[in-house]
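Working notes, structure below.
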Amino acid sequence: MDINLSQCFVAVDDHDKALAFYRDALGLEVRNDVAFEGMRWVTVGSPAQPDVEIVLEPPLADPNASPADRRAMAELLAKGMLRGVIFATDDCDAAYERVRAAGGEVLQEPIDQPYGVRDCAFRDPAGNMIRLTQSRKR
């Protein structure tokens with residue numbers, strides 16, 4: 001029996017700003033853009049992985065959530081404490097420069113890690129941590 005990742009979810013508070021980051025800076029393609037009951041979900045993914053999608057969702061996709069729950073989720077999102085995504089790349093430095101040049105908030109410039117990768121980190125416009133990692137050949 002095979003089990004494969006199909007979708008993961010990342011909370012964003014502004015889909016247009018998120019699209020500028022995920023589509024324009026990272027180079028992901030938009031696969032779906034759906035509005036429902038005043039909320040919006042945008043699905044993006046790498047052209048190299050047609051079966052894997054990232055769903056950019058509202059921070060609290062529940063129309064019945066209390067105002068206190070909405071405030072709590074907004075605070076966690078603003079602190080970058082909800083989710084993170086790690087993308088693999090064959091050229092960490094080039095990917096870093098592309099995202100940096102597009103205005104990505106740099107958390108860590110590319111460095112060689114002791115566990116065998118070269119990586120860097122950014123925050124997306126909602127505050128989520130995004131890492132770009134490249135396997136180091138030994």
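Here are a few things to note about the model shown:
- Test: Ser6 is surrounded by fewer than 17 Cβ atoms within 10 Å (Cβ to Cβ), over 13 Å from the mean Cα position of the chain (by Cα), closer than 25 Å to Thr133 by Cα and polar (S, T, N, Q): yes
- Extreme residue, nearest to the chain's Cα centre (by Cα), among residues of region 77-111 that are modelled with pLDDT under 85 and on the phi < 0 side of the Ramachandran plot: Gly84
- Scanning region 83-103 for residues that are closer than 24 Å to Phe9 by Cα and outside any loop (DSSP other than H, G, I, E, B) returns Gly84, Val85, Ile86, Phe87, Ala88, Cys92, Ala95, Tyr96, Arg98, Val99, Arg100.
- Residue selected from region 107-138 under the condition among the polar types (S, T, N, Q) and either free of Cβ contacts under 8 Å to residues at least 24 places away in the same chain or not in a loop (DSSP other than H, G, I, E, B) (or both), by the criterion surrounded by the most Cβ atoms within 10 Å (Cβ to Cβ): Gln134
- Apart from one condition, Arg83 fits all of (1) among the basic types (Lys, Arg); (2) without any contact (Cβ under 8 Å) to a residue 60 or more places away in the chain; (3) in contact with a Phe, Trp or Tyr (Cβ under 9 Å, 6 or more places away or on another chain); the exception is (2).
- For Val55, the criteria (1) under 15 Å from the mean Cα position of the chain (by Cα); (2) of a type outside the set (Ser, Thr, Tyr); (3) at pLDDT 95 or above; (4) more than 29 Å from Pro110 (Cα to Cα) hold in every case but one, which is (4).
- Contact map, region 62-75: first residue in a helix (DSSP H, G or I), second residue of a type outside the set (D, E, K, R) and surrounded by 11 or more Cβ atoms within 10 Å (Cβ to Cβ), Cβ cut-off under 7 Å, separation 6 or more or different chains; pairs are Asp69/Leu60; Arg70/Leu60; Met73/Pro59; Met73/Leu60; Ala74/Pro59.
- Qualifying residue in region 19-31 (condition: closer than 19 Å to Ile86 by Cβ, modelled with pLDDT of 95 or more and of a type in the set (Lys, Arg)): yes
- Within region 9-45, the set of residues being of a type outside the set (Asp, Glu), within 24 Å of Ala72 (Cα to Cα) and loosely packed, with under 13 Cβ neighbours inside 10 Å comprises Ala35, Phe36, Gly38.
The values are calculated or read from the model by the stated rules, or taken from the named source; none is laboratory data. What you see is a predicted model, and the numbers here were worked out from it, not measured in a lab. For neighbour counting, all protein chains shown are included, and Cβ atoms are generated from backbone atoms with ideal geometry for every residue, glycine included.
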